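K.L.:
Can you read through this structure? Questions will come right after.
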Amino acid sequence: MRHALAPDPGLRFSSPLEYARALRRAQEATLAGSPDPAFPEALVESWQRSIALGINPEQHSPVHRHEVSEARSLGAGHRLAAVVPALSQLLADESAAGRHLLIVTDHEGEVLWRIGSGSALRQADSLEFVEGADWSEAGIGTNAISEALISGEPAQLFSAEHLVRTHHDWACTAAPIRDPFTGNVLGVLDVSGPIDSVTPDSLRMVRCGVRLAEELLRSAGATPGTGPGTAVGSSLFLRLLGDKPAAELDGGRTVPVTLRRAEILALLSSRTQGWSAEELAYQVHGEDGAAAAIRTEMHRIRAALGAVVEANPYRFAAGVQVVSDAGVVAEHLRLGRVRDALAAYPARLLNRSTNLAVELMRDELNEAVASSVRSSGDAELISRWCATDMGSGDIAAAAALARLTGPDDGRFQLVRARMERIDRELRAPN
């Protein structure tokens, strides 16, 4: 006979909100000292261990082992990097209507990958469910990932089965991924979302994902960091400055890139968390942009450059070291090497592009170089800047040069003559 307070398990999928309310009441009673049989003994023991570790059920933030960017770098060399693209194709949903997240952790529960729609990612952000966060029992208390790590078996936690109450609106299904050669746990595959997004098939799909991952690892052999569809160990150098964009692969083959694809690559290099197809479509084509057009361009980019971009969201693959000539300029500026930055800046970013997002990046880089040169107090450097196409109309730089050199200095006279010529050309009737 079911306990008077115990939730009816039949409501889990048929009426998830009602079931969640009953679970919350049952958890309150259990934590107050009146155990409810709705919760198995192993789950209650996990709560007790978590509380003993300092987890506060009322509200608790996870431990962050690494910054997001550091965690992604760790993922680049991880065995599971080879299978994440396939798992993403099977289980992720980055569409605007997507409600769940695909999560992959390492063997200790640190989140290394998370894939989903913009709204699902924002919901996860509010819980700090991000790359680098520790989702083990010690990091955030009882959850499906921690249960999968402790038991070595698939686990599904719904609402108040999670210890921390800020997670009671979520349902999580997780299972460990094992090395097919040693049996050791490599990480955990998890699908998480709002409580009304979980279905009776969620556990089956996660199990299928684990089988797929382990089979791909078996097919790839025992060498870490390799596998189908990955580009681990490759390097990609993007030439985005000027009007002839190109990509250089592994320090060798140079591939010309169309302006449209160069715009997409520039956008990818500007944002580490990636872009959904819909977001890129808007950035590239405006309000009339279609996600299908972006997917077509991505297919063509992969055909030309190989598996350098992964989907859901679109971003450079974890194993690819990406550097652009524009990024080199920005890095010189960041380190205070203004002279090196100017030497590495022969032309504006994608000079022929009229895309608004690219124009903003172009203006930002140009003004960063200009401001750094003007602030250098170096007459030679400012003179060189004013002699470039990018700095020829920089009146503030010319004024700074005049203050440093005086009207009799030939460098200033050259700059003034050039600016006067430009002014005449601008004033001339068409």
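K.L.:
For segment 342-368, which positions are over 12 Å from T388 (Cα atoms), touching a Leu at 6+ places or on another chain (Cβ under 7 Å) and in a helix (DSSP H, G or I)?
P.N.:
If the condition is that a residue be over 12 Å from T388 (Cα atoms), touching a Leu at 6+ places or on another chain (Cβ under 7 Å) and in a helix (DSSP H, G or I), then A357, V358, M361, R362, L365, A368 are the ones that fit.
K.L.:
Related question: Kindly establish whether E278 is crowded, with 17+ Cβ neighbours inside 10 Å and among the charged types (D, E, K, R).
P.N.:
yes
K.L.:
Between a residue in segment 207-227 that is closer than 17 Å to L189 by Cβ and any residue that is part of a helix (DSSP H, G or I) and modelled with pLDDT under 75, which pairs come within a Cβ distance under 7 Å, given they are 6 or more apart or on different chains?
P.N.:
Cβ pairs passing all conditions: G227/A220.
K.L.:
Kindly provide the set of residues from segment 190-200 that are within 18 Å of A148 (Cα to Cα) and acidic (D, E), ordered by number.
P.N.:
Within segment 190-200, just D190 meets the criteria.
K.L.:
Filter segment 221-268 down to residues that are among the hydroxyl-bearing types (S, T, Y) and over 22 Å from G289 (Cα atoms) and give me whichever is modelled with the highest pLDDT. I'd like the intermediate steps shown before the answer.
P.N.:
Pass one, segment 221-268, residues among the hydroxyl-bearing types (S, T, Y): 223, 226, 230, 234-235, 254, 258.
Retained after the next criterion (residues that are over 22 Å from G289 (Cα atoms)): 223, 226, 230, 234-235, 254.
Values: T223: 42, T226: 36, T230: 39, S234: 69, S235: 78, T254: 82.
Checked segment 221-268; the qualifying residue modelled with the highest pLDDT is T254.
K.L.:
Residue under question is A293, and the condition is that it be touching a His at 6+ places or on another chain (Cβ under 7 Å) and either under 28 Å from L74 (Cα atoms) or not hydroxyl-bearing (S, T, Y) (or both); does it hold?
P.N.:
Working: touching a His at 6+ places or on another chain (Cβ under 7 Å): yes; either under 28 Å from L74 (Cα atoms) or not hydroxyl-bearing (S, T, Y) (or both): yes.
Answer is yes for this residue.
K.L.:
Taking T199 as the residue in question, decide whether it is in the same structural domain as L127 (by TED's automatic domain parsing), hydroxyl-bearing (S, T, Y), without any contact (Cβ under 8 Å) to a residue 60 or more places away in the chain and surrounded by fewer than 18 Cβ atoms within 10 Å (Cβ to Cβ).
P.N.:
no
K.L.:
In addition: Between residues in segment 236-257 that are over 21 Å from E359 (Cα atoms) and residues that are polar (S, T, N, Q) and in a loop (DSSP other than H, G, I, E, B), which pairs lie under 8 Å by C-beta distance while being six or more apart or on different chains?
P.N.:
L249/S234; D250/S234
K.L.:
Then there's this: May I ask you to list the residues in segment 95-115 that are within 30 Å of G183 (Cβ to Cβ) and of a type in the set (G, A, S)? Walk me through it before giving the result.
P.N.:
Narrowing segment 95-115 to residues within 30 Å of G183 (Cβ to Cβ): 100-115.
Matches in segment 95-115: G109 only.
K.L.:
Kindly check whether there is at least one residue in segment 97-107 that is farther than 23 Å from I140 by Cα and either assigned by TED's automatic domain parsing to the domain that holds G139 or free of Cβ contacts under 8 Å to residues at least 12 places away in the same chain (or both).
P.N.:
Initial filter on segment 97-107 (farther than 23 Å from I140 by Cα): 97-98.
From what's left, either assigned by TED's automatic domain parsing to the domain that holds G139 or free of Cβ contacts under 8 Å to residues at least 12 places away in the same chain (or both): 97-98.
Yes; the residues of segment 97-107 include at least one that is farther than 23 Å from I140 by Cα and either assigned by TED's automatic domain parsing to the domain that holds G139 or free of Cβ contacts under 8 Å to residues at least 12 places away in the same chain (or both).
K.L.:
For R271, are the conditions met, namely being modelled with pLDDT of 90 or more and in contact with a strand residue (DSSP E or B) (Cβ under 9 Å, 6 or more places away or on another chain)?
P.N.:
no
The values are calculated or read from the model by the stated rules, or taken from the named source; none is laboratory data. Bear in mind the structure is a predicted one, so any value in this text is a computation, not a measurement. So basically every Cβ, Gly included, is an ideal-geometry build from the backbone, and we count neighbours across all protein chains shown.
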